[in-house]
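Here the structure comes first, spelled out in structure tokens, and everything after it is commentary.
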Amino acid sequence: MDIAPRTSTYQVDDNSWLGSSHGTDEPEPVTLDLALFDASHYENGFIPSGCAIAKAASALYGPYDDTEDDGREVFVGHLWGGVHVHAGLTTGRLGGAMLTHGRVKENRLPFQAGQTGGGFIDAGARADAAGRIRYVTA
């Protein structure tokens, strides 16, 4: 019998980036490749809900980045729900879910243009999402 104390880390998602509940009832499952993210994406131990993601050539998902040429230059959706990254982990696969259609408050997304490492939307991402995701300002 193990009676040693254990600690768990939790985070309350900031879903203020959602413009409506439309699309939240059918998120798609995704497998994230942690090696594609840099430490700035999970400074507090979680890749945050709302991170812009794309499918890499490996068929795994990483942060959308239009400067890459491995498939991540084509925006697919937003991470639906934060994903916990265990301390010290820098590679591996993590399960998550992705919002692929709905309304999004662009200025409430966790990553904004001008940051390094991707994970934010730009004109290319908005074009990729046309007809699926409508971006509004809060």
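Pick out the one residue from Val83, Val30, Val76 that is β-branched (Val, Ile, Thr) and under 20 Å from Gly124 (Cα atoms).
Just a single option satisfies the conditions, and that option is Val76.
Give the residues of segment 66-109 that are β-branched (Val, Ile, Thr), within 13 Å of Ala52 (Cβ to Cβ) and in contact with a Leu (Cβ under 9 Å, 6 or more places away or on another chain), sorted by residue number.
Hit for segment 66-109 is Val104, nothing else.
If a residue has to be among the small types (Gly, Ala, Ser) and at pLDDT 95 or above to count, how many in segment 72-86 make the cut?
1
Residue-by-condition table, conditions (1) surrounded by fewer than 13 Cβ atoms within 10 Å (Cβ to Cβ); (2) closer than 22 Å to Gln11 by Cα; (3) of a type outside the set (D, E, K, R); (4) at pLDDT 95 or above:
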| residue | (1), (2), (3), (4) |
| --- | --- |
| Asp33 | no, yes, no, yes |
| Asp69 | yes, no, no, no |
| Gly88 | yes, yes, yes, no |
| Asp122 | no, no, no, no |
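Please count how many residues of segment 1-36 are in contact with a Gly (Cβ under 6 Å, 6 or more places away or on another chain), part of a loop (DSSP other than H, G, I, E, B) and within 24 Å of Glu106 (Cα to Cα).
Adding up the residues that qualify gives 5.
Any residue at all in segment 98-113 that's basic (Lys, Arg), surrounded by fewer than 17 Cβ atoms within 10 Å (Cβ to Cβ) and over 25 Å from Ser16 (Cα atoms)?
No, there is no match, as no residue in segment 98-113 is basic (Lys, Arg), surrounded by fewer than 17 Cβ atoms within 10 Å (Cβ to Cβ) and over 25 Å from Ser16 (Cα atoms).
Condition first: under 15 Å from Asp128 (Cβ atoms) and among the polar types (S, T, N, Q). Now tell me which residues in segment 47-77 satisfy that.
Thr67
The values are calculated or read from the model by the stated rules, or taken from the named source; none is laboratory data. Keep in mind that this is a model prediction, so the values were computed, not measured. Note: ideal-geometry Cβ built from the backbone for every residue, glycine included; neighbour counts use all protein chains shown.
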